[in-house]
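Everything below concerns the one structure shown next.
The values are calculated or read from the model by the stated rules, or taken from the named source; none is laboratory data. Note that the structure is a prediction, hence the values are computed from the model and not measured. Here the Cβ positions follow ideal geometry from the backbone for every residue, glycine too, while neighbour counts run over all protein chains shown.
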Amino acid sequence: MQYPLDLHYYYQVGSGSTATQNTAVVLTKYGSGLNQRPDHATSWLLQNTVDSSDTLTFTPSGFTPSNGKSRQHYKSLNVDGACWDKTILSRLYTIVGSRMGC
């Protein structure tokens, strides 16, 4: 299995003791393998990717999140033709939809 991580972080100081922080994260899990049985072997692969971002605004009185969004895509296949594929979407910290593939 592999778990590559991509992190983007940007912090900008503004005027009047304010600042903004933009963060984006992408994490993907890849895997593949072979399940062997005495009478049958099945190869498989999977991919699970999460892509999220958010902005924090800092002021003297605290911080406020805004524009939080995320997407998760999971896909699994095997050589026999079985497939499972689903994407979940969120915007402003709320799930707004999903869709099935294959």
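Details
- Among (1) over 28 Å from GLY101 (Cβ atoms); (2) among the β-branched types (Val, Ile, Thr); (3) touching a Lys or Arg at 6+ places or on another chain (Cβ under 7 Å), the one test that THR55 misses: (3)
- Strands (runs of 3 or more DSSP E) wholly inside the range 17-94 that include at least 1 residues being more than 16 Å from the chain's Cα centre (by Cα) and of a type in the set (A, V, I, L, M): 19-37, 40-59, 62-78
- Taken over the range 33-56, the criterion of being over 20 Å from SER90 (Cβ atoms) and either modelled with pLDDT of 95 or more or surrounded by 13 or more Cβ atoms within 10 Å (Cβ to Cβ) (or both) is satisfied by THR42, SER43, TRP44, LEU45, LEU46.
- Checking LEU5 against (1) within 13 Å of the chain's Cα centre (by Cα); (2) surrounded by 10 or more Cβ atoms within 10 Å (Cβ to Cβ), the condition it does not meet: (2)
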